[in-house]
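The values are calculated or read from the model by the stated rules, or taken from the named source; none is laboratory data. Keep in mind it's a predicted model, so treat the numbers as computed, not measured. So basically every Cβ, Gly included, is an ideal-geometry build from the backbone, and we count neighbours across all protein chains shown.
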Amino acid sequence: MIERSLIILKPDAVQRSLIGEIIARFERKGLKVTGLKLAVATEEQVFAHYNKDDAWFLKKGEGVVKDRESAGLPIEKEAIEYGRDIIGGIAKYITAGPVVMMVVEGHKATAVVTKLVGETEPAEAEVGTIRGDYTIDSYSLSAIDDRAVRNLVHCSEDAEEGKRETAIWFNEDELMKYSIIQEKIMYDVNLDGIME
């Protein structure tokens, strides 16, 4: 039941000096960091990472149109084009400066990470989550400003996505295989080895 999840601390997390605080939340929960690096992402990596289809572009674009109408802004293109612009905006945002890419492992890692990170839209994220505690941006504000939402962190939605995304950012030899003591207390069925 051990899974891998890819996490990217986006440029706003790096620029706001939240790297240590965010990583600590994953470690305190019991997840093991097996890959970690700081780099400037390329556009090619970002577009491969956000591998979206026309249905996704249309759905997101319809949301942008709705936000623009609510703000009294003109609708200058089809909804699907606004949706495609989202990925272009994300690429511009993620390649603007260094990001921290990391892989964590643990029981149901993707679900655990998603819960810790919070809703994708910061304005909807629960207090106690990373996005809920550290940012106040929203989709509607970012749509009006014609920019990517600044939500600090990307995380894989499920185990399959975690595998696909990890391969974009890490070579297999960059991922460490090791044990940590807390795995004994969390996963050892008999708890032998605690007492001397």
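Based on what the data block shows, is Thr114 farther than 13 Å from Ile7 by Cα, at pLDDT 95 or above and crowded, with 17+ Cβ neighbours inside 10 Å? Criteria not met by Thr114. Looking across the stretch 174-194, the residues that are at pLDDT 80 or above and of a type in the set (S, T, N, Q) come down to Ser179, Gln182.
Among residues of the stretch 126-137 being surrounded by 18 or more Cβ atoms within 10 Å (Cβ to Cβ), of a type outside the set (Phe, Trp, Tyr) and at pLDDT 95 or above, the one that is farthest from Ala148 (Cα to Cα) is Thr129.
Which residues, counting only those in the stretch 113-135, are touching a Pro at 6+ places or on another chain (Cβ under 6 Å) and not hydroxyl-bearing (Ser, Thr, Tyr)? The one that is touching a Pro at 6+ places or on another chain (Cβ under 6 Å) and not hydroxyl-bearing (Ser, Thr, Tyr): Arg131.
Only one residue in Ala159, Ala91 is farther than 19 Å from Leu38 by Cα, touching a helix residue (DSSP H, G or I) at 6+ places or on another chain (Cβ under 6 Å) and among the aliphatic types (A, V, I, L, M). Which one? On inspection, the qualifying residue turns out to be Ala159.
So which residues in the stretch 79-100 are closer than 16 Å to Val153 by Cα and aromatic (Phe, Trp, Tyr), if there are any at all? Listed by number, the list holds a single entry, Tyr93.
For the stretch 118-137, the set of residues classified as more than 19 Å from Lys60 (Cα to Cα) and either assigned to a helix (DSSP H, G or I) or in contact with a His (Cβ under 7 Å, 6 or more places away or on another chain) (or both) consists of Ile130, Arg131, Gly132, Asp133, Tyr134, listed by residue number. When Leu58, Leu36 are checked against the criterion of being among the hydrophobic types (A, V, I, L, M, F, W, C) and in contact with a helix residue (DSSP H, G or I) (Cβ under 6 Å, 6 or more places away or on another chain), a single residue qualifies: Leu58. Residues that are touching a Lys or Arg at 6+ places or on another chain (Cβ under 7 Å) and not aliphatic (A, V, I, L, M) within the stretch 116-148 comprise Gly118, Glu119, Pro122, Thr135, Asp137, listed in sequence order.
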